[in-house]
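Worksheet: the structure to be examined is printed underneath.
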Amino acid sequence: MDFAYSEKVNALRAKLLAFMDEYVYPNEAVHDEQLRKASDRWQPVPIIEELKEKAKAARLWNLFLPESSRGAGLTNLEYAPLAEIMGRVEWASEVFNCSAPDTGNMETLERYGSEEQKREWLEPLLEGKIRSCFAMTEPDVASSDATNIQCRIERQRDEYVINGRKWWSSGAGDPRCKIFIVMGKTDPANPDKHRQQSMILVPRDTLGVHIKRMLPVFGFDDAPHGHAEVLFENVRVPVSNILLGEGRGFEIAQGRLGPGRIHHCMRAIGFAERALEMTCKRSLERKPFGKPLAEQGVTIERIANMRIMIDQARLLVLHAAWRMDTVGNKEARREIAEIKVAVPNMACQVVDWAIQAHGAAGVTEDFDLPHMYKYARILRLADGPDEVHRNQLGRLELNKYRPERRNV
């Protein structure tokens, strides 16, 4: 394992850091002001659209797509430090066309889509002309066990008919969202519960697709992106819209969610690092009880622990990325589960201490800490809750010591 950045990655890091310094950080207040004053908050934010053109011109575009001629040709390990830099600002990833759920959906189409599906949906996504949504979670079942999913995808001659209700369908509120990837059951009677599900492409404007409501997260509506509850009511799409074939939904999910999970973790390290920087600056400036916070024992200890926790998490993520690159997403499931538990928990604690160092100011939008905490806390549920990943990790570890394994 060699986690040293290559010459190629160092060049991209330098370019990306310079772009962030010149265009992203100076426009954070502009972004917030434009969003706050917009007559329709569900329309694209002008400053992001403006910066996208600059990112394209700088060739800082589609950096995420591993080992593909359609992207920058970076491995997961090479992409990790770049995603971390983007993660320092909540909306920065979109500037470079590297934001969720589009990255996961683009990888899904790249890996599992037909040439026709790629032409119709992947190409405009890669160009940033449209956005997308991934619809898997449902309100009426415990979706942490995806075999519970009840959405039905039934074939009727040359069409599939979709009926079901989804929620936490991220990106559905964006008017640029033109395509949903929907997971549902095509064969609920199949004795193999992991062969009952399929994934299918549903254009947003298809008759019967209804956005019922946008779901707030800790009071934030996350406009213009948003997380929707969506009703699919007798939605008809061509048979050609199925991804990979009937019964392949879990196989696709395994390929999609691994990269999605690690990208979230990469970005979380970025904003945790920024929270630490903010804590250090704040503790040197504020002087309660006659001396700076930085001279208070508890603050010094917390800053030290923040440094340790971030560095530990970063190394775990780099190791998971290396495993994904060398043995594939399926074989790297243990390492992906590890970071999915460790990184959001680390980020929650780091941001919590940062809020504490900022006092009452830490819970206002004068600082970005509430958004960071919201993101970190969501990640302990998104793409599978902590408990599911810990259960998987525990079983994988116990399997090493079962008698049947020892006798092999």
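The values are calculated or read from the model by the stated rules, or taken from the named source; none is laboratory data. Keep in mind that what you see is a predicted model, and the values were worked out from it rather than measured. Glycine also receives a Cβ, built like all others from the backbone with ideal geometry; neighbour counts cover every protein chain displayed.
Here are a few things to note about the model shown:
- Selection count where residues are of a type in the set (K, R), assigned to a helix (DSSP H, G or I) and over 16 Å from the mean Cα position of the chain (by Cα), scope the stretch 315-369: 3
- Positions within the stretch 73-92 being surrounded by 21 or more Cβ atoms within 10 Å (Cβ to Cβ), under 22 Å from D21 (Cβ atoms) and among the hydrophobic types (A, V, I, L, M, F, W, C), in sequence order: L74, A80, L82, A83, I85, M86, V89, A92
- Comparison of G104, G128 shows that the only residue that is in a loop (DSSP other than H, G, I, E, B) and closer than 22 Å to F64 by Cα is G128.
- Filtering A172, A142, A135, A146 for residues that are more than 25 Å from R111 (Cβ to Cβ) and not assigned by TED's automatic domain parsing to the domain that holds W91 leaves a single hit, A142.
- Any hit, the stretch 381-401, residues being in the same structural domain as G260 (by TED's automatic domain parsing), at pLDDT 95 or above and among the hydroxyl-bearing types (S, T, Y): no
- Residue within the stretch 15-36 that is touching a residue at least 40 places away in the same chain (Cβ under 8 Å) and more than 18 Å from W91 (Cα to Cα) present: yes
- Residue match in the stretch 111-118 (condition: surrounded by fewer than 21 Cβ atoms within 10 Å (Cβ to Cβ), assigned to a helix (DSSP H, G or I) and either of a type in the set (A, V, I, L, M) or in contact with a Gly (Cβ under 8 Å, 6 or more places away or on another chain) (or both)): yes
- The number of residues in the stretch 370-408 that are over 21 Å from D145 (Cβ atoms) and part of a helix (DSSP H, G or I) comes to 12.
- Figure legend. Inter-residue proximity from the stretch 358-380: first residues outside the structural domain of I339 (by TED's automatic domain parsing), second residues surrounded by 21 or more Cβ atoms within 10 Å (Cβ to Cβ) and part of a loop (DSSP other than H, G, I, E, B), beta-carbon distance below 8 Å, spacing 6+ or different chains. No pairs are indicated.
- Residue check, F19 on the phi < 0 side of the Ramachandran plot, outside the structural domain of E273 (by TED's automatic domain parsing) and buried (at least 22 other Cβ atoms within 10 Å of the Cβ): no
Conditions (1) more than 21 Å from R248 (Cα to Cα); (2) more than 18 Å from the chain's Cα centre (by Cα); (3) among the basic types (K, R), marked per residue:
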position	(1), (2), (3)
N76	yes, no, no
M106	no, no, no
E116	no, yes, no
I130	yes, no, no
N148	no, yes, no
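- The set of residues from the stretch 180-198 being buried (at least 24 other Cβ atoms within 10 Å of the Cβ) and not small (G, A, S) comprises F180, I181, V182, M183, Q197.
- Check on P344, surrounded by 15 or more Cβ atoms within 10 Å (Cβ to Cβ) and either assigned by TED's automatic domain parsing to the domain that holds G219 or not hydroxyl-bearing (S, T, Y) (or both): yes
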